[in-house]
């Protein structure tokens with residue numbers, strides 16, 4: 001039996017991609033931005049359903065730090081912030097589209 005080297009797995013492209021989209025909400029956030037961008041925070045919260053402001057904010061910050069989402073803040077009162085996919089985030093949509101297609105073909 002072959003031993004699985006965790007360090008070697010962590011260096012794969014597969015592992016890196018999963019690290020960007022892992023979690024309950026990140027893929028749904030990306031899908032929402034793909035369909036409706038730009039999207040304001042409250043619009044996204046309504047689209048996602050049961051998600052706390054803190055969780056949504058944390059996920060958006062992580063996606064922004066990973067270069068997948070951009071945040072544009074307008075200097076006005078009340079504050080207006082919009083989120084959109086970056087070019088890098090848009091390139092990930094090809095992968096997510098393939099997941100959707102696979103699910104459609106293989107759904108029982």
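Exposure proxy check: 44, 34 ranked by fewest other beta carbons within 10 Å? Each step should come with its number before you reach the end.
Numbers: 44 21, 34 16.
If I rank by nearby Cβ atoms, fewest first, I get 34, 44.
Let me know the volume per residue of the alpha-carbon convex hull for the chain, in Å³. The partial results should precede the final answer.
Numbers: hull volume 16.1 nm³, N = 108.
Value for the chain: 149 Å³ per residue.
What length, rounded to one decimal in nm, is gained on full extension from residue 66 through to residue 53, with 0.36 nm per residue of separation minus their alpha-carbon distance? Please list the in-between numbers first.
Working: separation 13, 0.36 × 13 = 4.68 nm, distance 1.99 nm.
Using 0.36 nm per residue and subtracting the Cα-Cα distance, I get 2.7 nm.
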In degrees, nearest ten, helix 26-36 long axis to first principal axis of the chain (Cα): 50 degrees
In degrees, nearest ten, helix 53-65 long axis to first principal axis of the chain (Cα): 70 degrees
Helical mean residue ellipticity (222 nm; -39500 (n - 2.57) per DSSP H run of 4+; nearest 500) of the chain: -18500 deg cm²/dmol
Estimated inter-spin distance, residue 18 and residue 82, nm [label 7 Å along Cα→Cβ]: 3.6 nm
Within a Gaussian network of the chain (alpha carbon springs, distance under 10 Å), most fluctuating of 83, 14, 47: 14
Segment residue 8-residue 101, extension gain: residue separation times 0.36 nm, minus the distance between their alpha carbons: 30.5 nm
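Arranged from highest to lowest average of other beta-carbon atoms within 10 Å per residue, in what order do the peptides 93-100, 21-28 appear?
Details: 93-100: 12.0, 21-28: 14.9.
Ranked by mean Cβ neighbours within 10 Å, highest first: 21-28, 93-100.
Here, each number is a calculation from the coordinates, and none is a lab measurement. Since the structure is predicted, the reported quantities are computational estimates derived from the model, not experimental observations. Methodologically, a virtual Cβ is constructed for each residue, glycine included, from the backbone with ideal geometry; neighbour enumeration extends over all protein chains shown.
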